[in-house]
Amino acid sequence: MLIFRKPLPNIEHPEMPADVVIVGGGPAGMACALRLSQLIDEHNVRHPEAPLSKENVYVLEKAREAGQHCLSGALLDPRSMKELLPGFESEAPLDAAVHKEGVYFLTRTGHYQLPITPPPLQDHGNYVISINRFVKWLAGKVEAAGITIFTGFAGSELLFDRHGDGDRVTGVRTDDKGVDKQNQQKSNFEPGYDVKAKVVVLAEGSRGSLTKQLIQKFDLMKDRNPQTYGVGVKELWEVPSGRIQPGEVIYTMGYPLSTKEYGGAWIYGSKGDGPKENIVSLGFVTGLDYHDPRLDPQHVLQAFKQHPFVAKLLAGGKMIRYGAKSLPYGGWWSLPPLGGDGWMIIGDSAGFLNSARLKGIHLAIKSGMLAAETAFEALVKSDASAATLGKFQRRVETSWIHDELWPVRNFHQGFEKGMVAGMFNTVLQELFDGGLRNRVPSHAGHENLQPFASLPADGGPEAHMLGPAKGDGKLTFDKLTDLYHSGTRHEEDQPAHLLIQDTTICNDRCLKEFGSPCQNFCPANVYEMLDDAAAPNGKRISLNPANCVHCKTCDIQDPYQIITWVPPEGGGGPNYDGM
Ligand SMILES: Cc1cc2nc3c(=O)[nH]c(=O)nc-3n(C[C@H](O)[C@H](O)[C@H](O)COP(=O)(O)OP(=O)(O)OC[C@H]3O[C@@H](n4cnc5c(N)ncnc54)[C@H](O)[C@@H]3O)c2cc1C
Ligand code: SF4
């Protein structure tokens, strides 16, 4: 029987007072911490009589080490970093400056380069980085500035207090450690802390679990477009030298996707942290609004690598890392309110990502900086109410985040009707400052999944990316082989952190209607339908939670919306070294 992680009854949680707690130590959270530290330092020089302390500013990060759960392309637009740490280029781990871009359209066997690189994909001035190394470096800066980062601690619940007419966020409970598979205390049990904070900043990345709690509790998306997502599946390769230069950037559209799906690939020439000059970062982002529940995003990447254009680049090379992560595509109209009583939301958790450019790192950093200014104001005024923290919204609206996201506010909505309509809409956007309508509505992507009985049994034009990829062990890999290269490790003796509200829906309905798409969309083989003569359709759902790479795809794409991802015991998860 599946036992799910849930709060243990009658547990005393030690309290820990905090001024500001930042949940999530990715680019957004680290930038927020660093900017707050700078503002406190400046204040203390100006007002030695009324100094502010940094001792009670904390970052909680669920990974064992900062950066381990961070996965990105990654090209860094340096705009916000230049503001945060002028001159950062001289010491940050930047693998290569972009010196060459190309955008290609792939047919099944051919490739055609676009005569010009569309402006959103012009990357001169940007850097190829490993987000893992970059975040580790930022974490060093945060700690050197005197701010404590608690690694291996996940925020598992938000704490609320009744206050006047409504609830306010008063802190974060961290994960209980030492809970066994039956959801019982083990001998090494340690209760989580109640970090009671004046200001809670949610910086959990895409589909944050506390952010989801907050959004649901206060119905924050009620006047917004629903957030839409993609999932990026990435491999790092070491290839024979001379194939691609560090700093060379390739984007592709088309194959293996048909015109019905949204997505595309990146190939970046990079170098490792040693003397190597022959590292290729490649990946495929598949929009989580596809129709066929049999589609498998990990298989999409395998099919992409078999295209002659890509296979030639990788021939004789070796895959060295694997990972997957979701990213929010919705843009401006899918941003929730950004601040309220005791809380703010930054980075991918809010949805600060420019999907036309496949870039969010610089926006995550900038949103973190603006949230830090707001948190600082709250500390100085001793007022962390919505009146102060709500000003974060205005700060964003008057910053270059708005200038960048506003013209592409209807970009992703255009692709809801397929690739061709989307390209046409993109041109209209360029010509008419965001298109012909101020706000184009959108739908949650999982609503597009069609019952598989209505789809061609042989898969039709999508056949080459449906179901599990087999892999030849050289160029292509099955999921478990790929997963081995993600370095994923969890404490095995713990309850499942994928909470399925009602498993009878999986066994009785989903299997028949959608063919259990969780087996396909999960890039880590967590979900399996096992033979079981006693089950109504001869199969029952089973989980391998220890495989989970924390991409959040299941929480997003399940057709009945009955899966909730919650953090497993802190410290577990992938190890995206060098990714
Ligand atoms: C496949 C892919 C390719 C991309 N390519 C690019 C690119 O080339 N250029 C670009 O600019 N952007 C790119 N992006 C987007 C970019 O990576 C994100 O916008 C950026 O990383 C967002 O930063 P963040 O700090 O908001 O979130 P994240 O980077 O996701 O960091 C969130 C952190 O919070 C931690 N966390 C989450 N929940 C909890 C919790 N409850 N408790 C404690 N810790 C928690 C996580 O472990 C993680 O360390 C890409 C994204 C993907 C998925
Ligand atoms: S279980 Fe969910 S979050 Fe974990 S790897 Fe699979 S799809 Fe991603």
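The values are calculated or read from the model by the stated rules, or taken from the named source; none is laboratory data. Not measured: the values here are computed from a predicted model. Using ideal geometry, Cβ is built from the backbone for each residue, glycine included, and neighbour counts are taken over all protein chains shown. Each accessible area value is taken on the protein alone, full model and side chains, heavy atoms only, with ligands, DNA and RNA left out. Shrake-Rupley method; radii C 1.70, N 1.55, O 1.52, S 1.80 Å.
Structure notes:
- Residues that are open to solvent by less than 20 Å² (accessible area, probe 1.4 Å) and within 14 Å of ligand 1 (Cβ to nearest atom) within segment 541-569 comprise Cys548, Val549, His550, Cys551, Lys552, Thr553, Asp555, Ile556, Trp565, Pro567, Pro568, listed in sequence order.
- Gly578 vs. criteria away from ligand 1 (no atom under 16 Å from the Cβ) and in a loop (DSSP other than H, G, I, E, B): no
- Scope segment 45-87; condition assigned to a helix (DSSP H, G or I) and within 17 Å of Gly368 (Cα to Cα); matching residues: Arg79, Ser80, Met81, Lys82, Glu83, Leu84
- When Ala315, Ala265, Ala324, Ala303 are checked against the criterion of being open to solvent by less than 20 Å² (accessible area, probe 1.4 Å), farther than 26 Å from Cys70 by Cβ and among the small types (Gly, Ala, Ser), a single residue qualifies: Ala303.
- Selection from segment 524-540 of residues that are away from ligand 1 (no atom under 16 Å from the Cβ) and assigned to a loop (DSSP other than H, G, I, E, B): Asn525, Val526, Asp532, Ala533, Ala534, Ala535, Pro536, Asn537, Gly538
- Residue list for segment 191-216, restricted to those being of a type outside the set (Phe, Trp, Tyr), surrounded by fewer than 24 Cβ atoms within 10 Å (Cβ to Cβ) and more than 22 Å from the chain's Cα centre (by Cα): Pro191, Gly192, Asp194, Lys196, Lys198
- Residue within segment 167-190 that is within 16 Å of ligand 2 (Cβ to nearest atom) and within 20 Å of Pro336 (Cβ to Cβ) present: no
- Total residues in segment 445-471, condition open to solvent by less than 20 Å² (accessible area, probe 1.4 Å), part of a loop (DSSP other than H, G, I, E, B) and within 24 Å of Pro226 (Cβ to Cβ): 1
- Total residues in segment 94-108, condition open to solvent by 30 Å² or more (accessible area, probe 1.4 Å), over 22 Å from Gly263 (Cβ atoms) and either touching a residue at least 60 places away in the same chain (Cβ under 8 Å) or not in a loop (DSSP other than H, G, I, E, B) (or both): 3
- Residue, farthest from Ile320 (Cα to Cα), within segment 495-506, restricted to residues that are assigned to a loop (DSSP other than H, G, I, E, B) and open to solvent by less than 20 Å² (accessible area, probe 1.4 Å): Pro495
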